[in-house]
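The values are calculated or read from the model by the stated rules, or taken from the named source; none is laboratory data. Source: prediction; values computed, not measured. Here the Cβ positions follow ideal geometry from the backbone for every residue, glycine too, while neighbour counts run over all protein chains shown. Please note that ligands, DNA and RNA were not included when accessible areas were found on the heavy atoms of the full protein model with its side chains. Shrake-Rupley method; radii C 1.70, N 1.55, O 1.52, S 1.80 Å.
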Amino acid sequence: MSTDLLNTLSPTLLMGPGPSCVPDPVYAALAKDTIGHLDSRFISIMDEIKIRLQTLLQTQNRLTLPISGTGSAGMETCFVNLIEDGDSVLILKNGVFGLRMADLAQRLRADVDVLEFEWGTPVIVEAVKEKLAQKDYKIVAVVHAETSTGVMNPVGEISRLLAGTDSLFLVDCVTSLGGIPVKTDEWKVDAIYSGTQKCLSCPPGLAPVSFSDRAVEVLKARKTKVPNWYLDLTMIINYWDGDTRAYHHTAPINMLYGLYAALGVVLDEGLDNVYTRHKTAHEALVAGLEPLGLSMTVSPESRLPMLNAVNIPDGVDDAGIRTALIKEHDIEIGAGLGPLAGKIWRIGLMGHTARQENVDRLLGALKKLL
């Protein structure tokens, strides 16, 4: 062909809600030779990916693996494997991704209750306690890091409300994993899912999930088949575990190379160092925005370091600024969603992006444009 569209792409500083910038070791891994998905060398890579995910998720769960699909596939995997018709489910919603949880559970014909909270504010633990006193739920689900608002929800406190009950605790950690601690076992989370394109700084295409032993028992005790064949963990686990591996679907081999490398980058830096780097970059951004007349949407105690919701001042052209950042400065930031559309920008400091030089570059560009 006379025109190669790939040659029209320019390097972009990804400072939106995802994907994030990808480090060179991950690109190098993606470019490695493709081998068969049942090759013993590839099986060894799969086994190491599971170990690295367990370390990052702070869990001993044997059923810990990446699903072939983006973070939304991880969400669907958790719900579709655990829900049967009529199961009672409580969704704690304070943003877009809580809304998606509710939509998915309803599609699976669960008996869904939604406890709503104002967008830009965290889930109120006392309100959850009152709700749980009224009804027993098979599943209670919450988003740890609400990407649509920049809010961190109090997962540890919610977990304590479920202690001693039969409720399964389901958590979305798509944006939090690799940016702030995710304490799967300490919080007694039964099903958790994430994505690769946020703080793991791997291109989108895989969704880490982990199921507790209790959740696995619920899965094994189902009265009906898992209604989604592609995401049925009762079959997928036979490919990811055991002395012999059973083919289920062709794994995205090179994407798994990339995840293997991305997890290695994070673990080599050290989890505490990674979390500190995100926090430091966030603090630098907040300090630099104030002189520009820009304020944060979320109160300090509930802010995510990796996803910063910034109020758009009156009279400022939301789309115009975002377009100029791309065209004139090769910087991407995100727009607001739902009731926050046109009211906030979402500035991502995720994974490899969370560095002082990137904060300085964005602040310099905003100063010129504003």
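Of all residue pairs spaced 6 or more apart or on separate chains, those with beta-carbon atoms under 6 Å, a first member in the stretch 120-131 that is under 23 Å from LEU340 (Cβ atoms) and open to solvent by 30 Å² or more (accessible area, probe 1.4 Å) and a second member that is modelled with pLDDT of 95 or more and among the β-branched types (Val, Ile, Thr) are PRO122/VAL151. Under the condition of being within 15 Å of the chain's Cα centre (by Cα) and either surrounded by fewer than 24 Cβ atoms within 10 Å (Cβ to Cβ) or closer than 30 Å to GLU130 by Cα (or both), the residues counted in the stretch 69-90 number 9. For the stretch 297-311, filtered to residues that are part of a loop (DSSP other than H, G, I, E, B) and in contact with a Gly (Cβ under 7 Å, 6 or more places away or on another chain), the residue that is surrounded by the most Cβ atoms within 10 Å (Cβ to Cβ) is MET306.
Remark: ALA354 matches the filter, which requires a residue to be in contact with a helix residue (DSSP H, G or I) (Cβ under 6 Å, 6 or more places away or on another chain) and open to solvent by less than 10 Å² (accessible area, probe 1.4 Å). A count restricted to the stretch 315-331 and to residues that are touching a Leu at 6+ places or on another chain (Cβ under 6 Å) and surrounded by 18 or more Cβ atoms within 10 Å (Cβ to Cβ) stands at 1. When you look at VAL80, is it touching a residue at least 60 places away in the same chain (Cβ under 8 Å), in contact with a Pro (Cβ under 7 Å, 6 or more places away or on another chain), over 21 Å from ALA341 (Cβ atoms) and not in a strand (DSSP E or B), yes or no? Yes; evaluated as a whole, the condition is true for this residue. Taking residues in the stretch 338-364 that are part of a helix (DSSP H, G or I), and partners anywhere that are surrounded by 13 or more Cβ atoms within 10 Å (Cβ to Cβ) and aromatic (Phe, Trp, Tyr), the pairs with Cβ atoms closer than 6 Å and at least 6 places apart or on different chains are PRO339/TRP119; LEU340/TRP119. In the stretch 28-43 there is at least one residue that is over 21 Å from CYS199 (Cα atoms), out of contact with any Lys or Arg (no Cβ under 8 Å at 6 or more places or on another chain) and open to solvent by less than 20 Å² (accessible area, probe 1.4 Å). The residues listed here are LEU362, LEU294, LEU366; of these, the one that is within 26 Å of the chain's Cα centre (by Cα), open to solvent by less than 40 Å² (accessible area, probe 1.4 Å) and not charged (D, E, K, R) is LEU362.
Only one entry of ALA215, ALA163, ALA207 meets the criterion of being over 30 Å from ILE333 (Cβ atoms) and either buried (at least 20 other Cβ atoms within 10 Å of the Cβ) or under 18 Å from the mean Cα position of the chain (by Cα) (or both), and that entry is ALA215. Residues that are over 24 Å from LEU177 (Cα atoms) and among the aliphatic types (A, V, I, L, M) do occur in the stretch 325-339, at least one of them. Only one entry of THR196, THR149 meets the criterion of being open to solvent by less than 10 Å² (accessible area, probe 1.4 Å), in contact with a Leu (Cβ under 8 Å, 6 or more places away or on another chain), touching a residue at least 60 places away in the same chain (Cβ under 8 Å) and closer than 16 Å to LEU57 by Cα, and that entry is THR196.
When the stretch 11-57 is filtered for residues that are touching an Asp or Glu at 6+ places or on another chain (Cβ under 6 Å) and either free of Cβ contacts under 8 Å to residues at least 40 places away in the same chain or not hydrophobic (A, V, I, L, M, F, W, C) (or both), the ones remaining, listed by number, are THR12, GLY16. Is it the case that VAL114 is among the aliphatic types (A, V, I, L, M), touching a strand residue (DSSP E or B) at 6+ places or on another chain (Cβ under 7 Å), open to solvent by 10 Å² or more (accessible area, probe 1.4 Å) and part of a strand (DSSP E or B)? Yes; evaluated as a whole, the condition is true for this residue. Per the listing ALA133, ALA127, ALA105, ALA141, the residue uniquely closer than 25 Å to GLY205 by Cβ and not in a strand (DSSP E or B) is ALA105. The residues in the stretch 166-182 that are in contact with a His (Cβ under 9 Å, 6 or more places away or on another chain), aliphatic (A, V, I, L, M) and open to solvent by less than 10 Å² (accessible area, probe 1.4 Å) can be counted, and the count is 3. Looking only at the stretch 273-283, decide whether some residue is among the small types (Gly, Ala, Ser) and either open to solvent by 10 Å² or more (accessible area, probe 1.4 Å) or modelled with pLDDT under 95 (or both). Scanning the stretch 273-283, I find no residue that is among the small types (Gly, Ala, Ser) and either open to solvent by 10 Å² or more (accessible area, probe 1.4 Å) or modelled with pLDDT under 95 (or both), so the answer is no.
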